[in-house]
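The values are calculated or read from the model by the stated rules, or taken from the named source; none is laboratory data. Keep in mind that what you see is a predicted model, and the values were worked out from it rather than measured. No Cβ is skipped: glycine too gets one built from the backbone with ideal geometry, and neighbour counts run over all protein chains shown. With ligands, DNA and RNA removed, areas are computed over all heavy atoms of the protein, side chains included. Shrake-Rupley method; radii C 1.70, N 1.55, O 1.52, S 1.80 Å.
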Amino acid sequence: MEVNQERIVEQFLELVKINSPSRNERELADYLKRKLGTLSVTVEEDNAGDKFDGNTGNLIGRYPGDDSLPTIFLAAHMDIVRSAEGIKPVVEEGIIKTDGTTILGGDDKAGITAVLETLKVLQKSEINHGNIEIIFTSGEEIGLFGSMYLDREELEAEVGFVLDSGGPIDKIIVSAPAEQDFDIEIKGRAAHAGVEPEKGISAIEVGCDIITELRLGRIDEETTANIGVIEGGEATNIVADRLTIKGEARSIDEDKLTELVNEIKGVCQQKEEEWQAEVNVEFKKAYSGFNLTEEDEVVKMAMQAVKEIGLTPKLRPRGGGSDANIFNDKGIPTVNLGVGVKNDHTTEEKVAIEDLVNCARLVLAIVSNVRK
Ligand SMILES: [Zn+2]
């Protein structure tokens with residue numbers, strides 16, 4: 001049994017036309033519940049959405065198979081990075097894109113399409129497969145919230161496949177960094193900038209001094225840091241008494257990340273003393289990293305499937321987080337697979353029909369290969 005290109009394209013176009021911005025995935029979730037119902041999948045929705053002010057939880061579907069085989073999960077996220085009301089998908093020379101006024105939302109509706117197509121093929125085939133859990137998460141783009149609040153106890157899967165990596169289908173994401181976000185709050189002392197500036201402590205100068213001391217950008221192959229937001233000051237004639245600096249640090253190696261976090265704290269403390277200002281820095285873990293290798297069963301399964309569809313598997317790290325970070329953290333070894341989408345998060349977003357088809361073939365191969 002093979003996947004059906006026409007059906008895939010039709011399904012993908014139907015999905016992208018449903019607007020599903022983060023926290024408002026309701027319409028898409030209802031559509032998917034109905035769709036999964038017609039594909040013999042029992043679906044539940046959890047209450048994860050309540051925990052991040054969204055109107056939609058995660059959909060957890062169960063497609064029964066041979067109980068003696070291991071259970072796997074297939075996951076994709078329902079939300080799109082920003083609203084795409086009235087989206088007009090354009091199909092041109094084998095490529096699906098938009099009219100340039102909205103994003104396409106192929107991230108991650110390409111992933112959802114591959115899962116649905118696999119189920120459609122399984123319906124009509126004799127392929128022997130294990131139990132399959134289908135997870136469609138909400139709130140992924142705003143901080144991996146859906147997967148984060150998904151109850152681990154709901155899942156039986158021994159390994160997982162997230163379908164949410166931009167770029168080619170032969171790419172298997174086997175590692176991704178952990179991320180810590182930080183807020184530095186600086187309180188100096190206000191003073192008239194022209195009359196008695198010496199009585200003030202400029203929070204802006206303190207902040208600049210801190211930033212100059214920090215290691216930023218690409219620190220090494222596995223580690224990055226960035227200052228993304230600076231806010232403070234009122235007027236040119238006032239020595240600024242407040243400044244907020246927001247940044248993040250990431251590393252695939254958790255020890256390096258801890259070291260970097262401590263270094264940032266150290267610089268803040270040192271500058272607080274030097275300037276006699278008040279400097280508070282707060283860190284918040286965004287997510288954990290993961291690091292799988294060719295020795296891991298889930299990686300072997302993904303590599304085998306990539307080969308079976310005629311491609312050469314490429315194991316790659318990813319600079320950002322995805323639901324795969326969260327599932328690995330919950331103890332289910334999970335890779336993130338390529339769905340073929342290019343320029344995601346922009347109005348130039350596009351996907352080749354060939355990649356949509358290959359992605360579905362890949363998922364079907366994974367499901368068909370589950371062995372004891
Ligand atoms: Zn995505």
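Restricting attention to region 260-295, the residues being of a type in the set (Ser, Thr, Tyr) and either touching a Leu at 6+ places or on another chain (Cβ under 6 Å) or surrounded by 14 or more Cβ atoms within 10 Å (Cβ to Cβ) (or both) number 2. Among the criteria (1) more than 30 Å from ILE72 (Cα to Cα); (2) assigned to a helix (DSSP H, G or I), the one ALA249 does not fulfil is (2). So is GLY86 crowded, with 21+ Cβ neighbours inside 10 Å, farther than 28 Å from LEU260 by Cβ and away from the ligand (no atom under 12 Å from the Cβ) or not? Answer is no for this residue.
If you check ILE227 against the conditions, is it open to solvent by less than 40 Å² (accessible area, probe 1.4 Å) and either free of Cβ contacts under 8 Å to residues at least 12 places away in the same chain or at negative phi (or both)? Write out each step before concluding.
Values: open to solvent by less than 40 Å² (accessible area, probe 1.4 Å): yes; either free of Cβ contacts under 8 Å to residues at least 12 places away in the same chain or at negative phi (or both): yes.
Yes; evaluated as a whole, the condition is true for this residue.
Residue count for region 100-137 satisfying the condition of being more than 11 Å from the ligand (Cβ to nearest atom), open to solvent by 10 Å² or more (accessible area, probe 1.4 Å) and under 15 Å from ASN343 (Cβ atoms): 3.
Restricting attention to region 239-259, report how many residues are open to solvent by 60 Å² or more (accessible area, probe 1.4 Å) and among the β-branched types (Val, Ile, Thr).
Within region 239-259, the subset open to solvent by 60 Å² or more (accessible area, probe 1.4 Å) is 242, 246, 254-256, 258-259.
Those left that are additionally among the β-branched types (Val, Ile, Thr): 258.
Residues that pass the stated criteria total 1.
Counting the residues of region 1-22 that are part of a helix (DSSP H, G or I) and of a type in the set (Gly, Ala, Ser) gives 0.
Inspect region 214-234 for any residue being under 30 Å from ALA193 (Cα atoms), in contact with a Phe, Trp or Tyr (Cβ under 7 Å, 6 or more places away or on another chain) and of a type outside the set (D, E, K, R) and give the result as yes or no.
Initial filter on region 214-234 (under 30 Å from ALA193 (Cα atoms)): 214, 227-234.
After this cut, where a residue has to be in contact with a Phe, Trp or Tyr (Cβ under 7 Å, 6 or more places away or on another chain) as well, the list is none.
Scanning region 214-234, I find no residue that is under 30 Å from ALA193 (Cα atoms), in contact with a Phe, Trp or Tyr (Cβ under 7 Å, 6 or more places away or on another chain) and of a type outside the set (D, E, K, R), so the answer is no.
Conditions tested, residue by residue: (1) in the same structural domain as ALA114 (by TED's automatic domain parsing); (2) away from the ligand (no atom under 16 Å from the Cβ); (3) touching a residue at least 40 places away in the same chain (Cβ under 8 Å).
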| site | (1), (2), (3) |
| --- | --- |
| PHE283 | no, yes, yes |
| GLY320 | yes, no, yes |
| ASP329 | yes, yes, yes |
| THR334 | yes, no, yes |
| GLY338 | yes, no, yes |
| HIS345 | yes, no, yes |
| LEU356 | yes, no, yes |
| LEU364 | yes, yes, yes |
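Residue-wise test of (1) in a loop (DSSP other than H, G, I, E, B); (2) in contact (Cβ under 8 Å) with a residue 12 or more places away in the chain; (3) outside the structural domain of VAL298 (by TED's automatic domain parsing).
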residue	(1), (2), (3)
ASN24	yes, yes, no
LEU32	no, yes, no
GLY37	no, no, no
GLU44	no, yes, no
GLY49	no, yes, no
THR56	yes, yes, no
PHE73	no, yes, no
LYS97	no, yes, no
